[in-house]
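The values are calculated or read from the model by the stated rules, or taken from the named source; none is laboratory data. Everything quoted here is computed from the prediction, not taken from an experiment. Methodologically, a virtual Cβ is constructed for each residue, glycine included, from the backbone with ideal geometry; neighbour enumeration extends over all protein chains shown.
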Amino acid sequence: MALKRKASSNSIQDSPSKRTRSKVAPSTPSIATGSPRKSRAPKPSVPPNDLSDNSSDDELNIIDQEVPPTPSKRSKRQVHVIIPTPNSSRRPAFPKPKAVQFADALPSESQPSPSKQARSNNYGKPRTEDRAAHPLLQAKFVQLKTPSLTPPPAIPPPIHVPSPQRSPSRHAAKGNLSHHVCESLTFQKRAVLRALQHPPVIESEDASERSTNEIAMEKLSDLLDGTATRGEGNSCLLLGPRGSGKTQTIELCISHLKETPIVIRLSGLVQTNDRLAMRELSRQLSSQVSPALLPEEIRGAANDESLEDDDNPFLDTPTEAVELSVPTAHMHSLIACIPTLGRPTIVILDAFDLFTDHPRQSFLYSLLDTVQSCRAGGRNNGFAVVGVTSRMDTLMALEKRVKSRFSGRMIRTSASIKASQAKNITRAMLTPFMEDYKVDEEFSDMWNASVDDFLADPRTTRILEEACSITGDIRSLARLFVSPVLNLKSVSPWLTASQLELSAETQRIRPEFAYLHTLNYPSLCLLLAFYQADSDGYPALTFEMLYEYVRNAIRVSAVAPVQLRGNSIGMVRCSRQVLLAAFEHLISAQIFVSLSGPSVNAGKNFLKYRCSVDREDVKKSVERNGHSSLTKFLRRAMGSR
Amino acid sequence: MNSLNEVVSLVELFPPPFIFINDPISPKYTIQYLISASEDKIRLVHIDGTSCFTPRLLYDTILNGLSQHRPSWDEGCRNWSQETANDSMDSFLRALKALYASLCTGSSNKGPRVALVIEKPERLKERMPDILAPFTRLAELSNLELSVVMVSEARWEDIRPPFGSAIDPYYVDIPVPTKEVIIEHLIKTFERCSRDFNLGSTSTTPHPYDSVLLQTYKHFIYIVVDVCYLYTNDPHEIQYIAAARWPGFINPVLDAHSMNVEAAEDDNDIEFERPSTELLLRLTRHFKPSLSLALEQLYPRLTNAADWARANESDASSLARDGLILSDTVMDDVEEEEDTVNEMLFSSPSRPRSSKRIQEQKVAQDLSSSDIKDTLPLSVSLPRLSQFILVAAYIASMNPPKTDLRLFGRGTDEKKRRRRATKRQMANAKPKSGPAKIPQRFSGPSPFPLERLIAILGALVEENDPIASEGISSQNVPADGLDFRIPGERTDYEVTRVGVYASIAQLTSLRLLVKTTSSDKLDGLSTMLKCGSGAPSSYETILSLAKGLGVPLPDLIWDTAAMG
């Protein structure tokens, strides 16, 4: 920003006449400098002569009404935000370009909030002697408004705060300000990125209609409450698509329980067999329960590692024999004594569907059998098993004897959020509570206002709506905002919808092989050879055939050498070895996929490959690459069909 | 570059648990940049999917890297973890948590930011498919604020484990590097080299990476990139080519300088100056043709940079011709004069000279590569009979068996029958619908029985070997009642000798022929053989071999029709 501003001021210095004019209507040159938020700025090409343009009186009146009274205390604040430029001391009357940027960004319908006023005041401060020029200035804004695109740029709250002590104070603040903003911005970015990782809980707007997740939460906490307080044995399945808040729900429920239970968290992704699951279970038990309370058997199982030392440490996958070393009957009796422990126990099985893949499902059987035999009112404490999964058919995967011991309770979470909710969540994520970070108050005011602007942009709304209609996953929604937040710099410190659009393109529906057109010449030749072979009816090719195609194409173009301005535009010669190297590059990028595995006997140039790039994509990327000889090759390949 | 910086700042600020970087051209470069940019700010562990080929290695690499523990030989190469942290994912997670807790220092009790950079995650997927999904969720499973960054040439869509068990990454696409990026990278490398004190020498003898030469190097790099960018845009490859050429390129300048120093003798303070523009242009003109040669040799790694540089050293005379060294250093002044006369005669002398130089360089190249034993051409290294066997094997591999009789059958009206049959076959070769059959020579050699090889070998030897037919005149009659006067009888006798089988066995052990049946012995005639991969199944090699033997190979290959 500092650089740009400097440039603009220089240009003004070049033409003294302009400079005087700029004193009268300070907004003009700053618009012309081209703000970073070009997309929203009105047309910058308005010549300064238009200043004295005819403008209707009523428009002026509207503006005048919107002019807020200026509290005197704001004049103190402005010192911090103005970023001094080297020139500013020499020409104190030079206007700050930022004032106009902000003004443009404000939606017309929004009431000027105090923060906005403060902000615009800050930036608009340096105008002192231009009170008389006010109507002109406003006329300028109105005039600018007309040619702009939709959404219409807002009429800025005009600023006319006289500050007699302006220049000295600015001198004082000169040193640290830009640095200050930068620091605040970094803090803000960090906080926002953090919030994006931990999205807030959704709360439905109207109390009459509760969301699915709230119902699920209530059901689950009832269930766990029964286990924790009344000693019930409960089992249930928490079903819901990815990112719908399953884990969040269950963690919240457990944290709300009055009595802290023993919580055992297992995951089907990590505990890939019963032996690992059993060992992890006993470890977690022994870390949460004092050893004296544990029955002998479980203590033994926790110290099981002494037995496992017999395993060959160089075996990476434990063999079947090792797995069977924990007998299933033994495991059953171990799990059966869990309810005799001092506190109620909750077992959470993440990726429950993977547990059903274990041989004979003996771990699940033991858990669910224990649950079923856990009678309320007995001596035992409660025992609950909660399976968490996203697969709807998990119940079908249970064996009959396991299924009959399962309660059949299924609690569903859903990920459907409305666009309005999404907007609220986004706002919450973008304006996180800054506890750890010391962000300048002023900056955070400005930040909040800019987030409001950002969310009010129709393009943002459209993207949010799209995101909600494709998937209600909050995580994928949050991912869209990472790149725009990252790209904030001290030059362009506010979020823009165009950056969001860009990020939506790369994060949501990813284009296949977007980089194809920038590939090097041999690679594109090979792709085109594949294209031609595909037209000829060969879907899978060896390198030898590809080489033959490329060689033919080069030969054909060499037969009739065409020269354009002294340069040959035929295909450049490409040696077999270079082509082979390019071919191997494409294989490692998995653009060419081998149909059979590598074998000792077959030479690598005789392995068959298919091309994973779509024909149309090859065509488009070659056209986009624009290499004339390749385009010719393409045309020939298309003609050969 | 932009997206790379984005990743660096993301990892620094607050990284998402899983980032996937797709870099189709040079993932190595991306990782290097990532590591060097965030070295001192976060704790970054680099994991190579190729070297960590078992879960144990993977776990140990991560833990050692995080704790910055380096296993030393004296301590018995112990890993960081006290107990067995590497026997399962559980133990690993446990050890990871303990390690992270030990890293937390200070009052804030906040550990350092941790990132695991995994190179070639597709290898992990191949070797241990179960481990990829938990690794994408590592932050969730371990309850730590860490981030897993995968850098791959392939796309996440090709690597992603099934059933949606992995979480979606934050995608980063690294664009294909542009010329500017490559040039910038190379210049940075140069600057690093010129700061390196190992390369630096005394002030009197400057080394090729002296910082004075930076401008010259920039000029050189522009030319190199110009030549190579069409074929490769991997910064590392271009760097390799530049490294091979640069010392030779700048050598005349260094030599001139050291000569100046010698001439000055006493006063050592001759400043090493960067070469003038004119000299630079001369250097460029002299060395530019060798750059495309370098690309063709070095990019597919047909040779290594050091060997190539040695083979392509410019000799004094050619340098002198281009005015790169003083003529009095050249021994044969006469030749020099001749050249200058030539120069006067030709209006544009640079062209023929440069092409001549390339030829010289090519010769030098061939000589240097023929130094190595295993690149000796087959026609030199193999006995004559083995060469015949290879040609026969190639024919047997590439032709369908039913064509043997047509190609080699000799009856009374052999010529006529053969031609006509061939023509009819060629006409029938193109069916009405569907694509034409791919010629065997493009789809690789097919296996054939030993019997067929012997038969074809017999036909080849009979028709093309003058030495075998010479023997007819000698009238010694063998005991078995064979009559060598019958045509072909003698060849038949020759090719069924033990020596032939021994040669075949030898070729098999050289893997010029490949046995496709599993039996160890070369007993039955039904043993299936095949041309080995590489040279013995390439048409060009066998063609040159056949030319040496006088075999008309193109006539004996059934399907020579080119494709496309």
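Kindly establish whether A:Ala467 is at pLDDT 80 or above, among the small types (Gly, Ala, Ser), under 30 Å from A:Phe443 (Cβ atoms) and in a helix (DSSP H, G or I). It would help to see each step written out before you state the result.
Working: at pLDDT 80 or above: yes; among the small types (Gly, Ala, Ser): yes; under 30 Å from A:Phe443 (Cβ atoms): yes; in a helix (DSSP H, G or I): yes.
Yes: the conditions hold for A:Ala467.
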Item to check | Leading residue by the ranking (surrounded by the fewest Cβ atoms within 10 Å (Cβ to Cβ)) among those in region B:111-136 that are within 17 Å of B:Ser88 (Cα to Cα) and out of contact with any helix residue (DSSP H, G or I) (no Cβ under 8 Å at 6 or more places or on another chain) | outcome: B:Pro129
Checklist entry - Checking A:Tyr549 against (1) out of contact with any Gly (no Cβ under 7 Å at 6 or more places or on another chain); (2) modelled with pLDDT of 85 or more, which single condition isn't satisfied? => result (1)
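Does B:Phe249 satisfy the condition of being surrounded by 17 or more Cβ atoms within 10 Å (Cβ to Cβ), in contact with a His (Cβ under 9 Å, 6 or more places away or on another chain) and not in a helix (DSSP H, G or I)? Before you say what the answer is, go through the steps one by one.
Numbers: surrounded by 17 or more Cβ atoms within 10 Å (Cβ to Cβ): yes; in contact with a His (Cβ under 9 Å, 6 or more places away or on another chain): yes; not in a helix (DSSP H, G or I): no.
When the stated conditions are applied, B:Phe249 does not pass them.
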Checklist outcome for this item: Of the conditions (1) small (Gly, Ala, Ser); (2) over 30 Å from A:Leu579 (Cα atoms); (3) within 14 Å of chain B (Cβ to nearest Cβ), the single one that A:Ser450 does not satisfy is (3)
Next on the checklist: Tell me yes or no: at least one residue of region B:180-188 is in the same structural domain as B:Tyr33 (by TED's automatic domain parsing), under 25 Å from the mean Cα position of the chain (by Cα) and not aliphatic (A, V, I, L, M).
Outcome noted: no
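For region A:517-544: of the residues being at the interface with chain B (Cβ under 7 Å from one of its Cβ atoms) and assigned to a helix (DSSP H, G or I), which is farthest from B:Ser537 (Cα to Cα)? Show your work before the answer.
Going residue by residue through region A:517-544, those that are at the interface with chain B (Cβ under 7 Å from one of its Cβ atoms) are A:518-522, A:532, A:536-538, A:542, A:544.
Filter once more, so that each one left must be assigned to a helix (DSSP H, G or I): A:518, A:521-522, A:532, A:536, A:544.
Values: A:Thr518: 34, A:Tyr521: 28, A:Pro522: 24, A:Gln532: 25, A:Asp536: 25, A:Glu544: 11 Å.
Looking at the filtered set, the residue picked out is A:Thr518.
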Checklist entry - What do you reckon, is B:Glu237 at pLDDT 85 or above and in a helix (DSSP H, G or I)? => result yes
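Is it the case, given these coordinates, that B:Ala139 is surrounded by 13 or more Cβ atoms within 10 Å (Cβ to Cβ), free of Cβ contacts under 8 Å to residues at least 12 places away in the same chain, out of contact with any helix residue (DSSP H, G or I) (no Cβ under 6 Å at 6 or more places or on another chain) and among the small types (Gly, Ala, Ser)? Working first, answer last.
Numbers: surrounded by 13 or more Cβ atoms within 10 Å (Cβ to Cβ): yes; free of Cβ contacts under 8 Å to residues at least 12 places away in the same chain: no; out of contact with any helix residue (DSSP H, G or I) (no Cβ under 6 Å at 6 or more places or on another chain): yes; among the small types (Gly, Ala, Ser): yes.
Judged against the criteria, B:Ala139 is not a match.
Please work out if B:Arg56 is farther than 21 Å from B:Glu145 by Cβ, surrounded by 20 or more Cβ atoms within 10 Å (Cβ to Cβ) and either free of Cβ contacts under 8 Å to residues at least 60 places away in the same chain or charged (D, E, K, R) (or both). Don't jump to the end; show me each part of the working.
Numbers: farther than 21 Å from B:Glu145 by Cβ: yes; surrounded by 20 or more Cβ atoms within 10 Å (Cβ to Cβ): yes; either free of Cβ contacts under 8 Å to residues at least 60 places away in the same chain or charged (D, E, K, R) (or both): yes.
In short, yes.
Going through B:Ser3, B:Ser36 one at a time, which residue ends up being among the hydroxyl-bearing types (Ser, Thr, Tyr) and either buried (at least 17 other Cβ atoms within 10 Å of the Cβ) or within 11 Å of chain A (Cβ to nearest Cβ) (or both)?
Working: B:Ser36 fails: either buried (at least 17 other Cβ atoms within 10 Å of the Cβ) or within 11 Å of chain A (Cβ to nearest Cβ) (or both).
Unique residue meeting the criteria: B:Ser3.
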Next on the checklist: As an exercise: evaluate B:Leu116 against (1) more than 14 Å from every other protein chain (Cβ to nearest Cβ); (2) farther than 30 Å from A:Glu512 by Cβ; (3) in contact (Cβ under 8 Å) with a residue 12 or more places away in the chain; (4) not in a helix (DSSP H, G or I) and give the number of the one condition it does not meet.
Outcome noted: (2)
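Somewhere in region B:290-311, is a residue modelled with pLDDT under 75 and in the same structural domain as B:Ile223 (by TED's automatic domain parsing)? Steps first, please.
Taking region B:290-311 as the starting set, the residues that turn out to be modelled with pLDDT under 75 are none.
Checked against the condition, which is being modelled with pLDDT under 75 and in the same structural domain as B:Ile223 (by TED's automatic domain parsing), region B:290-311 yields no hits at all.
Results for (1) in contact (Cβ under 8 Å) with a residue 24 or more places away in the chain; (2) closer than 20 Å to B:Thr136 by Cα; (3) out of contact with any His (no Cβ under 7 Å at 6 or more places or on another chain), shown as yes or no for each residue.
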{"residue": "B:Asn2", "(1), (2), (3)": "no, no, yes"}
{"residue": "B:Ser9", "(1), (2), (3)": "no, no, yes"}
{"residue": "B:Pro16", "(1), (2), (3)": "yes, yes, yes"}
{"residue": "B:Ile21", "(1), (2), (3)": "yes, yes, yes"}
{"residue": "B:Ser26", "(1), (2), (3)": "yes, no, no"}
{"residue": "B:Ala37", "(1), (2), (3)": "yes, no, yes"}
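Quick check on this structure: which one of A:Ser596, A:Ser503, A:Ser557 is more than 9 Å from every other protein chain (Cβ to nearest Cβ) and not in a helix (DSSP H, G or I)?
A:Ser596
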Checklist entry - Which one is surrounded by the fewest Cβ atoms within 10 Å (Cβ to Cβ), of the residues in region B:205-233 that are of a type in the set (Ser, Thr, Tyr) and either away from chain A (no Cβ under 14 Å) or within 15 Å of B:Ala244 (Cα to Cα) (or both)? => result B:Thr205
Item to check | Residue selected from region B:8-26 under the condition more than 9 Å from chain A (Cβ to nearest Cβ) and in contact with a strand residue (DSSP E or B) (Cβ under 9 Å, 6 or more places away or on another chain), by the criterion nearest to A:Ser184 (Cα to Cα) | outcome: B:Val11
Next on the checklist: Which residue is nearest to B:Cys52 (Cα to Cα), if the candidates are limited to region B:128-145 and must be more than 9 Å from chain A (Cβ to nearest Cβ) and touching a Lys or Arg at 6+ places or on another chain (Cβ under 8 Å)?
Outcome noted: B:Leu132
